[in-house]
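Written below as structure tokens is the structure these notes are about.
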Amino acid sequence: MNKSSTDNQSPIIDNRSQIKDQFNRVHDYLRISLTERCNLRCSYCMPAEGIQLRPRSEFMTAEEVIKMSKIFVSLGVKKIRLTGGEPLVRKDAEEIITGLSQLPVELAISTNGILVDKYIDTFKSCGLKSINVSLDSLKKEKFNTITRRDYFDKVMSNINLLMKNNFHVKINAVMIKGFNDDEICDLVEWMRDKNIHVRFIEFMPFDGNKWDWSKGISFKEIMTKIESRYGENVVKLEDGKNDTAKNYSIKNYKGTFAIISSVTNPFCDTCNRMRLTADGKIKNCLFSGTETDLLSAMRNGEDIVPMILESIWNKKAVRGGMESFEDFSDSSQNQKNRSMVAIGG
Ligand code: SF4
């Protein structure tokens, strides 16, 4: 990827209406983690015992989430996705969603689906249209194994509730070899008569998730399984400019499916994503080992715009600098990050 011709120019002198990195990628999509807490214990996301919980004062209040978001919107952010942990476990989630819905952005949320029924009216009144729900298996016992909790029925009924209310539902399914890869075609079959969008996600390395690629299923392996079952009925759909997923459908099926291949086929060229952690730090990449503390600066009354521009300007071309598969698989590199629960994916 070519660096822009203004390499050595400090980003601060660049305009303040757009967030760009040195590869000219415009960043207008902010993912905000609202909490490190969750009511599930998914094995690829956090250790069974959970993570060390910290005092509430270290985390953004609802007001601070909204104040920080307004600053990002003033810099050109057009989409905000709320993530966690599980964003809906926050007692003030409704206040945050309502506050953010006043901003000129597309608002979306990624949830494990357990509490969706409590927030469906808020989603509607706040104009949320796109809801991502994590679901790694259509089998109850497997769901309980990977999440270490017994919420399968609740999640399935809430997915149906979202569909009944015409939300655009995307299903995030992390593929683990020998665990749920036998369900790839079942998940495709599941969307035959449902307006649902199933996304198969390659298993990614994060702190504490005991990642090694022998447990992963690649884009190619997933496609081979689907093509061997559906052959010419597999249709490639057009991908959006900044899409992380490669999108497909099956002829005459109501839903669609996609594959997110951060491990075997990264899609960093068109990355427009920034992440704000629940404790107010900006991560310029999902896999970056470095962060910038915006919250402390904002609490000290400092101008955080130069810090945001600097963080993104210094973003690496690919996967936080882990360009090759070898680098990416090297635990001395990929473990310099947080656990997934503390980033929000
Ligand atoms: S790995 Fe980093 S640079 Fe690549 S798409 Fe994800 S967030 Fe963007």
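The values are calculated or read from the model by the stated rules, or taken from the named source; none is laboratory data. A quick note: this is a predicted structure, and the numbers were derived from the prediction, not measured. Every residue, glycine among them, receives a Cβ derived from its backbone with ideal geometry; neighbour counts consider all protein chains shown. When the accessible area is computed, the model is the full protein with side chains, heavy atoms only, and any ligands, DNA or RNA have been set aside. Shrake-Rupley method; radii C 1.70, N 1.55, O 1.52, S 1.80 Å.
Tabulated values for the structure
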read-out	value
Matching residues in region 318-343 - criterion: being touching a helix residue (DSSP H, G or I) at 6+ places or on another chain (Cβ under 8 Å) and surrounded by 16 or more Cβ atoms within 10 Å (Cβ to Cβ)	318, 319, 321, 322, 328, 329, 333, 334, 337
Among residues of region 202-236, those that are aliphatic (A, V, I, L, M) and outside any helix (DSSP H, G or I), counted	4
Filter result (exposed (fewer than 15 other Cβ atoms within 10 Å of the Cβ) and either in contact with a Leu (Cβ under 6 Å, 6 or more places away or on another chain) or of a type in the set (S, T, N, Q) (or both)) within region 203-246	214, 224, 228, 233
Inter-residue pairs, beta-carbon under 6 Å, first under 18 Å from residue 345 (Cβ atoms) and in region 130-149, second among the hydroxyl-bearing types (Ser, Thr, Tyr) and open to solvent by 40 Å² or more (accessible area, probe 1.4 Å), 6+ apart	146/43
Residue list for region 176-189, filter: more than 11 Å from residue 137 (Cα to Cα) and either of a type in the set (Asp, Glu) or open to solvent by 30 Å² or more (accessible area, probe 1.4 Å) (or both)	177, 178, 189
Check on residue 269, in contact (Cβ under 8 Å) with a residue 12 or more places away in the chain, open to solvent by 30 Å² or more (accessible area, probe 1.4 Å) and within 13 Å of the ligand (Cβ to nearest atom)	yes
In region 41-60, the residues that are modelled with pLDDT under 95 and in contact with a Ser or Thr (Cβ under 9 Å, 6 or more places away or on another chain)	41, 42, 43, 45, 46, 47, 51
Some residue of region 120-143 being closer than 13 Å to residue 31 by Cα and either surrounded by fewer than 15 Cβ atoms within 10 Å (Cβ to Cβ) or of a type in the set (D, E, K, R) (or both)	no
Selection within region 61-89 - in contact with a Ser or Thr (Cβ under 9 Å, 6 or more places away or on another chain) and surrounded by 17 or more Cβ atoms within 10 Å (Cβ to Cβ)	75, 77, 80, 81, 82, 83, 84, 85, 86, 87, 88, 89
Top-ranked residue in region 237-250 [being within 15 Å of the ligand (Cβ to nearest atom) and in a loop (DSSP other than H, G, I, E, B); ranked as farthest from residue 31 (Cα to Cα)]	239
Residues of region 160-177 that turn out to be without any contact (Cβ under 8 Å) to a residue 40 or more places away in the chain and among the β-branched types (Val, Ile, Thr), as a count	2
Selection status of residue 264, polar (S, T, N, Q), over 25 Å from residue 68 (Cα atoms), surrounded by fewer than 19 Cβ atoms within 10 Å (Cβ to Cβ) and more than 11 Å from the ligand (Cβ to nearest atom)	yes
Residues located in region 309-324, provided they are more than 18 Å from residue 20 (Cβ to Cβ) and more than 13 Å from the ligand (Cβ to nearest atom)	324
Odd one out for residue 253 among (1) open to solvent by less than 10 Å² (accessible area, probe 1.4 Å); (2) outside any strand (DSSP E or B)	(1)
Pair list, Cβ < 9 Å and 6+ apart or interchain, from region 312-341 residues that are farther than 26 Å from residue 28 by Cβ and without any contact (Cβ under 8 Å) to a residue 40 or more places away in the chain to residues that are within 9 Å of the ligand (Cβ to nearest atom) and open to solvent by 40 Å² or more (accessible area, probe 1.4 Å)	none
Residue count, region 16-54 (criterion: closer than 19 Å to residue 114 by Cα, assigned to a loop (DSSP other than H, G, I, E, B) and either open to solvent by 30 Å² or more (accessible area, probe 1.4 Å) or among the polar types (S, T, N, Q) (or both))	7
Test: residue in region 294-308 that is buried (at least 20 other Cβ atoms within 10 Å of the Cβ) and within 16 Å of the ligand (Cβ to nearest atom)	yes
